[in-house]
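Data block below; observations after.
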Amino acid sequence: MTTSPEVPAAVPDILSPEFAADPYTAYRAMRDTAPLIHHEAIGSWIVSRYEDVERVFKDKASEFTTENYDWQLEPVHGRTILQLGGREHAVRRALVAPAFRGKELQETFVPVIERNARELIDGFRHAGAVDLVEAFASRFPVNVIADMLGLDKGDHAKFHGWYTNVVAFLSNLTGDPVTAAAGERTRVEFAEYMLPVIQERRSAPGEDLLSSLCTAEVDGVSMSDEDIKAFCSLLLAAGGETTDKAIASLFANLLAHPEQLAAVQEDRTLIDRAFAETLRHTPPVHMIMRQTAVDVTVTGGTIPAGATVTCLIGAANRDERRYTDPDTFNLFREDLTTTNAFSAAADHLAFALGRHFCVGALLARAEVRIGVDQLLDAMPDVRLADGASPIEQGLFTRGPVSVPVTFTPVR
């Protein structure tokens, strides 16, 4: 890694095993001694302080654009809403957003979420022991999205394989050709799967989200088959991978703090607080990229026009300049506003901010609120299995690979 000034030797390279094992220590060193890094190997400038990441996300494309997604996401998804700007972005967002908020979310999709949580929990509620990642977190959000779209949940293995390949492609900073080929193959396979289904829904719409996307129109604009396919691909990958890791991390955090777990068990309205603090403390997405439209001066130096910028959400969300005792998980902290945590006014950065704020934030909140509530009902005395210690993995996205627990089944 190179920058001006030189990066101190104490700052681990983001591609190193040391960083992979413990990014949070590395993030602190970056914020303190190298808030701007030029990483030659990945061809990107890295920012790590809250004020700089917040500025990048809130920019309205005068300084920072999403043109990086042309090479970062389009090869696996096709052209998505993330790459659009101006009126084109506003219209496309207006086409898809209604399903993820307000009345439609509550009336149409909350029952879908409740049913899918119950079905998965019924598979282990009497067992007394379960790995929450394998049996629940890795399946629940993908099943919900498949159900919302009216797809066959029996194809779960395909969906999971596809979004795993997409996330690997996104994280492929070193350009591994096998990972790149798997990602590009996923785009072809997903198109072969989805396009016939989309055409079928156009001719015979149902009550599902896919039918809504096929028939939606704003200002005379509707979505093409390719638009819908790309959005569904993005939804499965972004909605599956992130909510999966958020639920696993939330439980890992609560199990590590039994007094906070007991508080949530007693008062389920605290689930939102626990989720918001998880998004800050152990966010499922650790990095989001942008591209500079002009030379931009940030803390530590100037990023040239046309450069890729890697925003370290995992670092910014633990910036001691913004949060008190940032490395401590505390759902009762006073410097995180739960009422805003799932909106574009959030004071954490896990959903990004500004016009590209995550369109599925309220869906994720509903999934976490319902899923965690049902899990706590089924496992009132849930505790980590003897000797277990959840270990996080991942670069772009990160979360526990396993959360084995034991509990007394509810009779």
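The values are calculated or read from the model by the stated rules, or taken from the named source; none is laboratory data. Here the structure is a predicted model, which means the values were calculated and not measured. Cβ coordinates were reconstructed from backbone atoms using ideal geometry, including for glycine residues, and neighbour counts include every protein chain displayed. Quick note on the areas: whole protein, heavy atoms, side chains included, nothing else; ligands and nucleic acids left out. Shrake-Rupley method; radii C 1.70, N 1.55, O 1.52, S 1.80 Å.
Run Arg280 past the list (1) among the basic types (Lys, Arg); (2) under 13 Å from the mean Cα position of the chain (by Cα); (3) open to solvent by 10 Å² or more (accessible area, probe 1.4 Å) and report the number of the one that doesn't hold.
Failed condition: (3).
Does segment 375-403 hold any residues that are outside any loop (DSSP other than H, G, I, E, B), open to solvent by less than 40 Å² (accessible area, probe 1.4 Å) and more than 30 Å from Glu54 (Cβ to Cβ), and which are they?
Within segment 375-403, Leu375, Leu376, Ala378 meet the criteria.
Sort through Ala350, Ala341 and tell me the only one that's buried (at least 20 other Cβ atoms within 10 Å of the Cβ), at pLDDT 90 or above and under 21 Å from Glu54 (Cβ atoms). Reasoning before the result, please.
Values: Ala341 fails: at pLDDT 90 or above.
So the residue among Ala350, Ala341 that is buried (at least 20 other Cβ atoms within 10 Å of the Cβ), at pLDDT 90 or above and under 21 Å from Glu54 (Cβ atoms) is Ala350.
Could you please tell me which pairs satisfy a Cβ distance under 6 Å, a separation of 6+ or placement on different chains, a first residue in segment 333-361 that is closer than 16 Å to Ala246 by Cβ and of a type outside the set (S, T, N, Q), and a second residue that is in a helix (DSSP H, G or I) and open to solvent by 50 Å² or more (accessible area, probe 1.4 Å)?
Listed by first residue and then by second, the contacts come to Phe342/Leu362; Phe342/Arg365; Ala346/Asn340.
Of all residues in segment 207-219, which are open to solvent by less than 40 Å² (accessible area, probe 1.4 Å), under 18 Å from Phe109 (Cα atoms) and either touching a strand residue (DSSP E or B) at 6+ places or on another chain (Cβ under 8 Å) or not in a helix (DSSP H, G or I) (or both)?
Hits for segment 207-219 are Asp208, Ala216.
Considering only residues that are closer than 12 Å to Ala238 by Cα and in contact with a strand residue (DSSP E or B) (Cβ under 9 Å, 6 or more places away or on another chain), which ones fall in segment 146-175?
Val167, Leu170
With respect to the numbered conditions (1) outside any helix (DSSP H, G or I); (2) within 20 Å of the chain's Cα centre (by Cα), which one is the sole condition not fulfilled by Val144?
(1)
For the condition part of a helix (DSSP H, G or I), on the phi < 0 side of the Ramachandran plot and open to solvent by 40 Å² or more (accessible area, probe 1.4 Å), what is the one hit in Ala230, Ala252, Ala262?
Unique residue meeting the criteria: Ala262.
Report the residue count in segment 159-196 for those that are in a helix (DSSP H, G or I), hydroxyl-bearing (Ser, Thr, Tyr) and either closer than 25 Å to Asp225 by Cβ or open to solvent by 60 Å² or more (accessible area, probe 1.4 Å) (or both). Spell out how you get there, then give the answer.
Here is the first cut: in segment 159-196, the ones in a helix (DSSP H, G or I) are 159-170, 177-196.
Pick out the ones that are also hydroxyl-bearing (Ser, Thr, Tyr) and you get 163-164, 179, 186, 193.
Subset that is either closer than 25 Å to Asp225 by Cβ or open to solvent by 60 Å² or more (accessible area, probe 1.4 Å) (or both): 163-164, 186, 193.
Residues in segment 159-196 being in a helix (DSSP H, G or I), hydroxyl-bearing (Ser, Thr, Tyr) and either closer than 25 Å to Asp225 by Cβ or open to solvent by 60 Å² or more (accessible area, probe 1.4 Å) (or both): 4 in total.
Report every pair of residues separated by at least 6 positions or lying on different chains whose Cβ atoms are under 7 Å apart, first residue within segment 55-74 and of a type in the set (A, V, I, L, M, F, W, C), second crowded, with 19+ Cβ neighbours inside 10 Å and in a loop (DSSP other than H, G, I, E, B).
Close Cβ pairs satisfying both conditions: Phe57/Leu349; Phe57/Ala352; Phe57/Leu353; Leu73/Thr80.
Would you mind stating whether Ile14 is modelled with pLDDT of 90 or more, part of a loop (DSSP other than H, G, I, E, B) and open to solvent by less than 60 Å² (accessible area, probe 1.4 Å)?
Working: modelled with pLDDT of 90 or more: yes; part of a loop (DSSP other than H, G, I, E, B): yes; open to solvent by less than 60 Å² (accessible area, probe 1.4 Å): yes.
When the stated conditions are applied, Ile14 passes them.
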